[in-house]
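First up is the structure itself, then whatever we jot down about it.
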Amino acid sequence: MTNISAVYKLSLVVVTCFIQACSSSCPVLDCWFVQEKAGRGGGLTGATTQEKSLLHIRTDANSHSAESQRAPSDISPDRVYFITDPGATLCHRSLSPPRGSIKKPQCEINPFLPQPSTLKWVAPLTDSAFSPIYLQADWLSAALHGTNKELVISSIMRAPTATREHNVILSVTSKTVSVKARLGKPVLLDCGFWVDPSSPLSGSGFAVEWRYQFRGEGRLVFAYDGKTDRVADTQEEGATLDFEGLHQKGNASLILEEAKVRHSGTYICTVYLPNILSQVVLELEIVEPPSLSIHPSPLPLAVPGQTLTVQCEASGFAPLSLELSWEFKGTDGKSRPLEPGSVTGHRQAWDGTYSQSARLELDTSKVDLGRGGELTCVAVHPGGTRRASTTLSVIGFSTPSIEDSMAMVGVALVLYGLIKLVSWTFTRTFHVVLLQKEK
Ligand SMILES: *[C@@H]1O[C@H](CO)[C@@H](O)[C@H](O)[C@H]1NC(C)=O
């Protein structure tokens, strides 16, 4: 019995290993080959053509197993590429989904033209001229999105002219395509790169640039010239790179020491080698839920028939997406629906966070609040739902309960006693004073 189950377990392990080995192998990627239309008169129409294409990825140029597969009939043989990626960046699990999976990785390739950059932090890379023979080749850039939505890869590939056997020369990767961060916390925007060590472009330096874009506005966040080890002027305080990791492992991740609302936006990580560049795009959103407070606090005692005005203030939140509502739960444990109340316009504080408030006019003659209960302000925000509660007491003049009546009788008795005591003391003192005067 135990033997059988052991065999069963063992075979399970073997099968699992086999599946894992399969899924970590390099993929054959369905891709779009996109290029600008050779427009008549070279007009700036921006029109593009799209052709189906197939990329056979391998880590070693000598493994020809993939080539034995026939290309599907709807793909032109000219658009079937054999890509050697010794860095295995394109062999990521997220680019090889299991067979029959609905989620597919996205892939686009474009013709690429190497050219020197005039940017201050990139120019030193092209000081020494490169063999034009190396640059005169068929270059492609590829942009890939993994199935897990968090992985993005951008590669530059080179093939000797008129072959379709490309080698990956530079890959830039990010594992955090969309980052959400709380206010004031440190933020890491992941970006890494790999350079083919056998390429003449490797070893002659690199440059890294981080740019920020938001609604058409852009700025340089960080620029680093890895050849002369210089940081260019940047306008962003508290932004840095891990220089050791950058030189040793190609870790170009941007570190923001303290998340601020104005950091929300698009970030572009660009890695430059002499004459070529590759970049990935990330989104950062600072998400901070509101703090709530209810005014007045505590609430005054409500008399039936009276209208009570209550205000709920939500502050310090971002982004500007908030729903405020009210809930009431009576002492009997029953919830009663309340009108949503009116919501004020928002205000923005110096740190970019927003505040907004909701006003509730509670007409105690219309809403049956019983003897009171708990009034709650509810704020629904992308950063989480927040609640603030306060106790609402209604003095029961209309239908006093037995406890109320007993308490009232008690209070009346005590008051009567007090009045009696005071008046007795007073008359006594008065008499004494009179007597003293007569003396
Ligand atoms: C890159 O560097 C940052 C900062 O030192 C670190 O937190 C991150 O884990 C590094 N990433 C990789 C892939 O090593």
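The values are calculated or read from the model by the stated rules, or taken from the named source; none is laboratory data. Remember, it's a predicted structure, so these values are computed and weren't measured experimentally. All Cβ positions, even for glycine, are placed from backbone atoms using ideal geometry, and neighbour counts span all protein chains on display. All accessible areas refer to the heavy atoms of the entire protein, side chains included, with ligands and DNA or RNA removed. Shrake-Rupley method; radii C 1.70, N 1.55, O 1.52, S 1.80 Å.
Numbers for the structure displayed
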| read-out | value |
| --- | --- |
| Residues (farther than 18 Å from residue 295 by Cα, modelled with pLDDT of 80 or more and surrounded by fewer than 19 Cβ atoms within 10 Å (Cβ to Cβ)) located in the stretch 348-370 | 348, 349, 350, 351, 352 |
| Positions within the stretch 166-192 being open to solvent by less than 30 Å² (accessible area, probe 1.4 Å) and within 16 Å of the ligand (Cβ to nearest atom), in sequence order | 171, 172, 173, 174, 177, 179, 181, 187, 189, 191, 192 |
| Test: residue in the stretch 277-285 that is away from the ligand (no atom under 16 Å from the Cβ) and more than 30 Å from residue 89 (Cα to Cα) | no |
| Selected residue (only one of 133, 75, 83 is exposed (fewer than 15 other Cβ atoms within 10 Å of the Cβ) and over 24 Å from residue 267 (Cα atoms)) | 133 |
| Test: residue in the stretch 138-153 that is in contact with a Gly (Cβ under 9 Å, 6 or more places away or on another chain) and at negative phi | yes |
| Residue within the stretch 199-207 that is away from the ligand (no atom under 16 Å from the Cβ), open to solvent by less than 80 Å² (accessible area, probe 1.4 Å), over 14 Å from residue 266 (Cβ atoms) and part of a strand (DSSP E or B) present | yes |
| Test: residue in the stretch 241-260 that is surrounded by 14 or more Cβ atoms within 10 Å (Cβ to Cβ) and away from the ligand (no atom under 16 Å from the Cβ) | yes |
| Lone qualifier among 180, 185 - being out of contact with any strand residue (DSSP E or B) (no Cβ under 7 Å at 6 or more places or on another chain) and modelled with pLDDT of 90 or more | 185 |
| Flag for residue 236 being more than 16 Å from the ligand (Cβ to nearest atom), open to solvent by 50 Å² or more (accessible area, probe 1.4 Å) and modelled with pLDDT under 90 | no |
| Some residue of the stretch 210-219 being within 16 Å of the ligand (Cβ to nearest atom), more than 20 Å from the chain's Cα centre (by Cα) and closer than 28 Å to residue 118 by Cβ | no |
| Residue in the stretch 155-165 that is basic (Lys, Arg), surrounded by fewer than 20 Cβ atoms within 10 Å (Cβ to Cβ) and under 33 Å from the mean Cα position of the chain (by Cα) present | no |
| Pair list, Cβ under 6 Å, 6 or more apart: the stretch 87-116 residue open to solvent by 70 Å² or more (accessible area, probe 1.4 Å), other residue among the aliphatic types (A, V, I, L, M) | 108/34; 108/143 |
| The stretch 191-202 residues that are assigned by TED's automatic domain parsing to the domain that holds residue 282, paired with ones that are in a strand (DSSP E or B) and basic (Lys, Arg) (beta carbon under 8 Å, 6 or more apart) | 199/158 |
| Conditions (1) open to solvent by less than 20 Å² (accessible area, probe 1.4 Å); (2) more than 16 Å from the ligand (Cβ to nearest atom); (3) at pLDDT below 95; (4) not in a loop (DSSP other than H, G, I, E, B): number failed by residue 222 | (2) |
| Residue within the stretch 133-140 that is part of a loop (DSSP other than H, G, I, E, B) and within 22 Å of residue 160 (Cα to Cα) present | yes |
